[in-house]
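To start, the structure itself, in C-alpha cells.
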Amino acid sequence: MKTIGLVMIVKNEARSLGKCLSLAGGLVDGIYITDTGSADNTIETAQKYGAHISHFEWRDDFAAAKNYALEQSPCDWNLILDADEYLISGTRRELQAFVERGGRLGTIERHDSYREENGEISQSCTYTTRVIPRGTFLEGRVHEQVVSSLPVAAVPLVFEHDGYLQEGKGERNLRILLNELENAPEDSYLLYQTARTLWLMKAYARADRYFEQFYRLTPVSGTGYRMNGVVSYIYNLIELGKYDRGLEVIGKEKRRLEGYADFQFACGTFYTKAVLSDVGRYIAYLPEIEKSYRKCLGIGEVSGHECVRGNGSFKAAYNLGVWFEVNGKAQAASTYYRQAAAWGYRPAKERLRSLFPK
C-alpha cells in the first residue's frame with residue numbers, strides 16, 4: 001500500500017493550523033511541516049499533531065519553500081495544503097484508492113470565502129492540483145504550479161478556504177508577481193495573476209493595463225484561467241466606467257463563454273451598470289439584463305466548473321427579482337425573491353419582508 005504525506009509550508013498560522021490538521025490529519029500517514037519564520041505558536045500547534053518540523057529561510061519564493069518541504073516527506077504520494085484550508089468532504093479510503101491507481105495528478109475542490117461590498121460572505125469554487133507523487137515539484141514564485149506531464153484528475157476531496165478574508169496577502173503577492181514580470185513581461189499567467197491581485201485589492205486603474213495585456217496575450221483555448229480572467233476583466237471595466245471597452249470584450253466572448261454562469265452574471269451586472277450610467281447611450285442593452293440572469297438560471301450550478309456559488313442559482317434569481325421590482329412588477333419580483341430565499345439567500349428574505357410586511 002502506497003504511503004501518503006501531508007506537506008505544508010507555514011508562517012504565523014496559529015489562527016488556523018490546528019483546525020486544518022485536526023480535519024486533514026486522518027487522510028495521511030505523516031505530516032511534514034516547513035516553517036518559514038513563525039513568531040507565534042505555530043510550531044507548538046504543529047507538534048501537538050505529531051508533525052515533522054523543518055525550517056526554511058523565506059526568500060519570496062513559494063515554489064522554493066514548497067519544494068524544500070516536499071523533500072522532507074519520505075512518502076510515495078503527498079497532499080499539499082495551506083494552513084487555512086479545511087477538509088469538509090472526502091475520506092482516507094477515497095484518497096488511497098486514487099493514489100493506488102497512480103499515473104495521474106490529483107486536483108482538490110476548494111471553496112474560497114470572500115467578503116462582498118455589501119458585507120455578505122460569498123464563496124467561489126476552484127480546482128487546484130494538490131495530490132502528487134514523490135519526486136514531483138513546483139515552479140513559480142507565487143501561485144506556483146506543478147511541473148509534470150502526467151494527466152490531471154479529480155480527487156474526491158473538498159476543502160473550505162478562508163484566507164481571502166484575512167488582510168495583507170495581496171501586497172505580498174503583488175510584490176512577488178511584479179518581480180516575476182520583470183523577467184517574463186509577456187507571461188500571460190503572470191499577467192492574469194497580477195491583474196486579479198490588483199483587482200481584488202481594488203486598485204482598478206492599475207489592474208487595467210495588466211488585464212489588457214492578459215487579454216491580448218492569452219490563447220483562447222488551452223489555459224484553465226482565461227475564463228476567470230475575462231470575467232474579472234469585465235468587472236474591472238465596470239469599476240472604471242469603461243463601458244464601450246466592456247461591450248467590445250463581451251461581444252468577442254459571447255459565443256465562447258455563453259455556457260458559463262459566471263460570464264452571464266458578469267454580463268447582467270455590466271449591462272445594469274452601463275444603463276444606469278447613461279440611459280440614453282446604453283438603453284438598447286436594457287433587455288439584455290433580464291436575458292443574462294435568465295441564462296444564469298438555465299445554466300445552473302454546474303459541478304466541475306470553477307465558479308462563484310450562487311451565480312447560477314440564488315444570486316441570479318435575486319437580481320431578476322430586483323429587475324422586476326424596479327420595473328413595477330411586484331408579483332414577478334416576489335416569485336424570484338422566493339426562489340432565491342428558498343436557496344437560503346438572506347437579502348432575498350429581506351426584500352420579501354419589505355414587499356410584503358406583516
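The values are calculated or read from the model by the stated rules, or taken from the named source; none is laboratory data. For clarity, every value in this text was computed on a predicted model and none was experimentally measured. Every residue, glycine among them, receives a Cβ derived from its backbone with ideal geometry; neighbour counts consider all protein chains shown. Heads up: the accessible areas ignore ligands, DNA and RNA and are worked out on the full protein's heavy atoms, side chains in. Shrake-Rupley method; radii C 1.70, N 1.55, O 1.52, S 1.80 Å.
Just to check I understand the Karplus step: with θ = phi - 60° and J = 6.51 cos²θ - 1.76 cosθ + 1.60, what whole-Hz values come out for the range 199-215, glycine and proline as x?
Computed from phi, the couplings for the range 199-215 are 4, 5, 7, 6, 8, 5, 5, 5, 5, 4, 5, 6, 5, 4, 5, 4, 5 Hz.
At a Förster distance of 25 Å, what's the computed FRET efficiency of Arg134 paired with Glu44, Cβ-Cβ distance as r, to 0.05?
0.30
To the nearest 20 debye, what is the magnitude of the charge dipole of the chain about its Cα centre, counting +1 on the Cβ of each Lys and Arg and -1 on the Cβ of each Asp and Glu?
With Lys and Arg at +1 and Asp and Glu at -1, about 1300 debye.
Determine which aspartates and glutamates satisfy two conditions relative to Lys242: a Cα distance under 16 Å, and not lying fewer than 8 residues away in the same chain.
By straight Cα distance, Lys242 reaches Asp208, Glu212, Asp278.
For Lys202 and Ser89, what is the calculated FRET efficiency with R₀ set at 45 Å and r taken between the beta-carbons, to the nearest 0.05?
Working from the Cβ atoms, E equals 0.85.
Where both residues lie in the range 32-161, what percent of DSSP beta bridges are antiparallel, nearest 5?
That works out to approximately 65 percent antiparallel.
Determine the distance separating the Cα centre of the range 1-48 from the Cα centre of the range 235-275; give it in Å without decimals.
With the range 1-48 and the range 235-275 each reduced to a Cα centre, they are spaced 42 Å.
Report the trypsin sites (Lys or Arg not before Pro) located in the range 1-66 that are in a DSSP loop and have at most 12 other Cβ atoms inside 10 Å of their Cβ, or state none.
Filter output for the range 1-66: Arg59.
Distance from a point 7 Å along Cα→Cβ of Asp278 to each backbone N in the range 224-243: keep the residues under 20 Å and list them by number.
Answer for the range 224-243: 234-243.
Per residue, what accessible area does the chain have, given a 1.4 Å probe and all protein chains present, in Å²?
I get 47 Å² per residue for the chain.
Sorting His111, His52 by accessible area (1.4 Å probe), largest first, what list results?
Numbers: His111 40, His52 100 Å².
The residues order as His52, His111, largest area first.
Taking the Cα centre of the chain as the origin and placing charges on Cβ (Lys, Arg +1; Asp, Glu -1), which of Leu191, Gly140, Ile31 is farthest toward the positive end of the dipole?
Leu191
Which percent of the accessible area of the chain is formed by carbon and sulfur heavy atoms (probe 1.4 angstrom)? Please report the intermediate quantities before stating the final value.
Details: 8320 of 16980 Å².
The C+S portion of the solvent-accessible surface of the chain is 49 percent.
How large is ³J(HN,Hα), in whole Hz, for each residue of the range 95-112 in order, when computed from phi with the Karplus curve 6.51 cos²θ - 1.76 cosθ + 1.60 and θ = phi - 60°, using x for Gly and Pro?
Working through the residues one at a time gives 5, 4, 4, 5, 6, 5, 5, x, x, 9, 8, x, 9, 9, 9, 10, 9, 8 Hz.
Could you give the length gained by full extension between Asp60 and Ser22, i.e. 0.36 nm per residue of separation minus their alpha carbon distance, to one decimal place?
Value of the extension gain: 10.8 nm.
Quick one: work out the % antiparallel among DSSP beta bridges in the chain, nearest 5.
50 percent
Using θ = phi - 60° and the Karplus relation 6.51 cos²θ - 1.76 cosθ + 1.60, list the HN-Hα couplings for the range 263-273 in order, rounded to whole Hz, with x at every Gly or Pro.
With coefficients 6.51, -1.76 and 1.60, one gets 5, 4, 5, 4, 5, x, 5, 4, 4, 4, 5 Hz.
Could you estimate the translational diffusion coefficient of the chain from the Stokes-Einstein equation, with Rh from the Kirkwood formula over C-alpha pairs, at 4 °C and 1.567 mPa s, in whole µm²/s?
Rounded, D is 58 µm²/s.
Give me the distance in nm between label points sitting 7 Å out from Cα along the Cα-to-Cβ direction at Thr223 and Glu290, one decimal.
It works out to 3.7 nm between the two label points.
From the C-alpha gyration tensor of the range 20-149, pull out the three semi-axes of the equivalent ellipsoid (sqrt of 5λ each), sorted largest to smallest, in whole Å.
Ellipsoid half-lengths, sorted descending, are 22, 20, 17 Å.
Among all the lysines, which ones have a C-alpha under 23 Å from Lys329's C-alpha, if same-chain residues fewer than 8 places away are not counted?
Hits, sequence-local ones excluded: Lys273, Lys291, Lys295, Lys315, Lys349, Lys358.
How much solvent-accessible surface does Ser277 expose, in Å² to the nearest 10, with a 1.4 Å probe and all protein chains in place?
The accessible area comes out at roughly 60 Å².
Modelled label-to-label distance, Ile53 and Arg15, 7 Å Cα→beta-carbon offset: nm?
So the two model labels end up 2.2 nm from each other.
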